[in-house]
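Below you'll find the structure, written out as structure tokens, and then a few comments.
The values are calculated or read from the model by the stated rules, or taken from the named source; none is laboratory data. For clarity, every value in this text was computed on a predicted model and none was experimentally measured. Quick reminder, even Gly has a Cβ in these numbers, built from the backbone with ideal geometry, and neighbours come from all protein chains shown. Note: areas computed on protein heavy atoms with side chains; ligands, DNA, RNA excluded. Shrake-Rupley method; radii C 1.70, N 1.55, O 1.52, S 1.80 Å.
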Amino acid sequence: MELDKIYEPRLFEPKWAKWWVDEKLFVAETDSDKPTYSLIAPPPNVTGALHMGHCFEIAMTDITMRWRRMSGDNVLWLPGLDHAGIATQMLVERHLKSQGIDRREIGREKFLEHVWTWKEEYGGKIVDQFKRIGASCDWSRQRFTMDPGVSRAVNEAFVRLYERGLLYRGEYMVNWDPGTLTALSDLEVVHEEQKGHLWHLRYPITGSDGEYVVVATTRPETMLGDTAVAVHPDDERYKHLVDKTITLPLVGRELKVIFDDFVDPEFGTGIVKITPAHDPNDFAAGQKHGLEIINILTDEAKINANGGKYEGLDRYEARKQIVADLEALGLIDKIEDYVNKVGKSQRSGLAVEPRVSMQWFIKTKSLAEPSIEAVESGRMEIMPEQWRRNYFEWMHNIRDWCVSRQLWWGHRIPAWYTEDGEMFVARNEEDALKQSGGRPLRQDDDVLDTWFSSGLWPFSTMGWPDETPDLKAFYPNSLLITGFDILFFWVARMTMLGIAMMDEPPFRKVLIHGLVRDADKKKMSKTKGNVIDPIEMTEKYGTDAVRFALVSSAGQGSDVVLSEERIAGYATFANKIWNAMRFVFMSLDRAGAETWTPEDLDNFEALPSEATGEVPLADRWMFSRLDAVAAGVNENIEKNRYHDAANQLYQFFWKEFCDWYIELKKIDFTDDSGLTNEWKNMLAATERALRLLHPLAPFITEELWQRLTVNTAGRTKSLAFASYPQAKSSRRDADAEHRVSVLQEATTGVRNLRAEMNIPPRNPLTGILYSPSADVRSVTSDQADALARLACVTLSAVEGHAPEGKATHHTAEFDLEIELPEEQKQALKKKLAKQLGQLEKAATGSRKQLGNEAFLAKAPESVVASIKEKLTDYESQIKRIKATLEG
RNA sequence: GGGCGCGUAGCUCAGUUGGUUAGAGCGCCUGCUUCACACGCAGGAGGUCCGGAGUUCGAGUCUCCGCGCGCCCACCA
């Protein structure tokens, strides 16, 4: 068996990606005795392409899912796509426009045909990308938010909310996007600081010659819709306005003066113009005081017929014009610079226009309460903890949710109207007709907010409202992994709707992750051009490297700073794994043992050497270490500490498995030895290491494991279903671990001396020794005497090069003495002196602690014991160093 | 205006309930073509854990104040 010299993931990753899907390996069982573990993937937009954020999320999810599966759970990872109402409609509109087609000309039905065609052609590209990076989803259960089943759930939920009085329709002020021509929810509005002005306008008091009041506004154009001015009732300055009216300049309308304490007398002039049609506060004031609502804007935010001579002007043009006209009339009191926040549409980027219109709203208060309770009680856990507070904060201050959108692409609102305006909310048209007694009906033109259907995702995907076996088995979901950016948009809505429809919160645990940023910590975005394309990276460095790079640097909830360099760094790790296996296969050939047919890999324990009748130390040690690592990794993945799991495996595999275990094992191997127990131990250890690595690096481990276990009787078809190594305390071998640590310490000591004294690594006398195996190669037996020999070998080698002076290196158990030239001796002395200082400081600290009664009384036994142990260690080291320095 | 978070080696970050010489990767320096791997091996330098005060036997870890940075929510004209 032979591997290519260099690890080239693109040669095998696509093969496994396809195989995993084709073999339907990750299809969840509906009827299973195993414990279930379920998760819905946040459905990406059909229009979407895979970005690093997806990769990061998929990496964490896939680690968890593969680990669960290997640990024996019946795992469901349900993938899907979101129709993404506004985004998709905008995209297709733009696409059609480039062909000279206007959606309004072709009409709703034709347009929707185009969207579906577009969706079939370009949509779902991201699904292939998910598959390519090895997301172990159950593709047999893939859903789309506009699927008939999911759509049925949408209508069902709508009707149920309506029947419970949690849905209402009415004319209220909403955020209107003049770009996409639809209402938006509050969450879809992004507030941006903008430099502007505060215009102080003179409004003449009717009938009192030349007298005026000054109102301050950031939007002078809205004056066309003013129907009142307001002052604080206690404001002495404006007492004289009782019984007066104001004449609105340019328009001539008589404005009432209202007195209300919502006015802040401190701000501006203490008098405010009221435009009920174009400002939320003013709208409320208008409701309260029965003011006329005069809408002056069209859908596109141009001045309408109510704006008189300004009709047809864009809102900003109108502003200019109106200011100029007022100026000409001497009605501009002053203009101040002013910074205020402008709400912009998340989608079109245009400033949102507050607008009164007929919309559907969900009453959220009674939905939020149990959602708060679910998290407070711990029935639904939010991690990391800090996000709980954000969640609570939002839920406590929740406002009604505008769910209607003036779009065509989406779930059409299941409400029907007769000609005279009677309304029927029903599951389908047939039901509506029944209710109307057969009177002709017209369905509501609007569609639902995309987040309404996504809000039902945890159960709409499982067949709800039918009581399906899937729903029974998999709801509530065990886990949700998603980004903080959609905590309110999605997680909060799913929780509210989940509890409302299913009486149970949709998840047991919600893990919130951070953002993937570029090397300068900037958000990745196409416009900035700092996007690192995951597929490109995958082709270049391998999926496993991309995963490791993403996962290993992110503490819980924190952002990931990603660079190509970093990914390349983890490709070297994959290369290391590859070459370790390459060594195994090559040596196996050399040993003349072509096949390996172990019976039981799961319960393999290290075998005694045929030669000595004892289990070789290196193997005892490795199996003990494998067990320790298994314990750590299991715990870390369980607790969603993926970065710890990744780093632990990285350190283990590189520093322990490769640097020490393989090197130590080299000593035992001889050509044509056949498949000795030494060999079997190593093969089994390697196999176990691959299992441990699989959830984090699925591709390379599958590739290597398939080759390694090709002749293994009764092995699972894929590494993905081999059992995950569980820690067994009986496997821990403290004696072996201690002995190897001594070996390591001594070896390091020898190398240290060698380096410090500039002894050529390849000493002609003895042929010293570079790698650990080389250092130890000339030593045949195990452990303690190996060390003594090692020291002797090194010493004898050194002597020829160090004719004068004398220095000593100490380890806990061995002393190495060698002769040194004066110059080097001095350098060494300096180093030892520094070490001595550090040790004495540490020892003093320890002594102080041990002499402290308060400490002895309060500190736990184990801490005291470890300090005592350390102190002994310090003292013996100090003694030896002192002896050396004096001698 | 309200809320959340961050500041640890040159860079990016770990550091779980406070426990005694503070870790990793990358980068840097030195030496090595060594029969798995130069995408490598061996050795090394580098930190008053933002500043100050406090709690404690003990603080990177807890509390308060200050400085610097980031994010979220909010209708002040």
Discussion item. On the basis of being more than 17 Å from A:ALA727 (Cα to Cα) and within 12 Å of RNA strand B (Cβ to nearest atom), does A:ASN636 make the cut?
Written reply: no
Fill in: Test: residue in segment A:135-146 that is surrounded by fewer than 18 Cβ atoms within 10 Å (Cβ to Cβ) and among the acidic types (Asp, Glu)
no
Discussion item. Looking only at segment A:284-322, filter to residues that are among the acidic types (Asp, Glu) and in a loop (DSSP other than H, G, I, E, B); which one of those is nearest to A:PHE262 (Cα to Cα)?
Written reply: A:GLU292
Item to complete: Hey, could you check segment A:676-715 for residues that are modelled with pLDDT of 90 or more and hydroxyl-bearing (Ser, Thr, Tyr) and say which is surrounded by the most Cβ atoms within 10 Å (Cβ to Cβ)?
Response: A:THR701
Worksheet, complete the sentence: Going through (1) farther than 19 Å from A:ALA318 by Cβ; (2) within 53 Å of the chain's Cα centre (by Cα) one by one, A:ASN304 fails only at (1)
Item to complete: Please give the number of the condition A:ALA368 fails out of (1) touching a strand residue (DSSP E or B) at 6+ places or on another chain (Cβ under 9 Å); (2) open to solvent by less than 40 Å² (accessible area, probe 1.4 Å).
Response: (1)
Worksheet entry | When residues of segment A:606-642 are limited to those that are open to solvent by less than 80 Å² (accessible area, probe 1.4 Å) and of a type in the set (D, E, K, R), the one nearest to A:LEU511 (Cα to Cα) | A:ASP627
Worksheet item: Does A:PHE657 satisfy the condition of being of a type in the set (A, V, I, L, M, F, W, C) and surrounded by fewer than 18 Cβ atoms within 10 Å (Cβ to Cβ)?
Response: no
Worksheet item: more than 25 Å from A:ASP559 (Cα to Cα) and in contact with a strand residue (DSSP E or B) (Cβ under 7 Å, 6 or more places away or on another chain): does that describe A:VAL27?
Response: no
Item to complete: Could you tell me whether segment A:879-887 includes any residue that is near RNA strand B (Cβ under 6 Å from one of its atoms) and assigned to a helix (DSSP H, G or I)?
Response: no
Worksheet item: Can you tell me how many residues in segment A:330-354 are open to solvent by less than 60 Å² (accessible area, probe 1.4 Å) and in contact with a Pro (Cβ under 6 Å, 6 or more places away or on another chain)?
Response: 3
Response to the item:
Taking segment A:494-515 and keeping residues more than 16 Å from A:THR461 (Cα to Cα), free of Cβ contacts under 8 Å to residues at least 60 places away in the same chain and either open to solvent by less than 10 Å² (accessible area, probe 1.4 Å) or within 16 Å of RNA strand B (Cβ to nearest atom) (or both) leaves A:GLY514
Item to complete: Give just the number: which of (1) open to solvent by less than 30 Å² (accessible area, probe 1.4 Å); (2) within 16 Å of RNA strand B (Cβ to nearest atom); (3) modelled with pLDDT under 95 does A:TRP464 not satisfy?
Response: (2)
Worksheet item: Out of the residues in segment A:260-270 that are free of Cβ contacts under 8 Å to residues at least 40 places away in the same chain and in contact with a strand residue (DSSP E or B) (Cβ under 6 Å, 6 or more places away or on another chain), which is farthest from RNA strand B (Cβ to nearest atom)?
Response: A:ASP260
Practice prompt. Considering only segment A:174-228, state which residues are open to solvent by 30 Å² or more (accessible area, probe 1.4 Å) and charged (D, E, K, R).
Written response: A:ASP186, A:GLU192, A:GLU193, A:LYS195, A:ARG202, A:ASP209, A:GLU211, A:ARG219
Worksheet item: Is there a residue in segment A:652-659 that is assigned to a helix (DSSP H, G or I) and out of contact with any helix residue (DSSP H, G or I) (no Cβ under 9 Å at 6 or more places or on another chain)?
Response: yes
Fill in: When residues of segment A:548-565 are limited to those that are assigned to a helix (DSSP H, G or I) and more than 7 Å from RNA strand B (Cβ to nearest atom), the one most open to solvent (accessible area, probe 1.4 Å)
A:GLU564
Worksheet item: Only one of A:LEU664, A:LEU649 is crowded, with 18+ Cβ neighbours inside 10 Å, within 21 Å of A:PRO725 (Cα to Cα) and within 15 Å of RNA strand B (Cβ to nearest atom); which?
Response: A:LEU649
Worksheet item: Residue check: is A:LEU313 among the aliphatic types (A, V, I, L, M) and in contact (Cβ under 8 Å) with a residue 12 or more places away in the chain?
Response: no
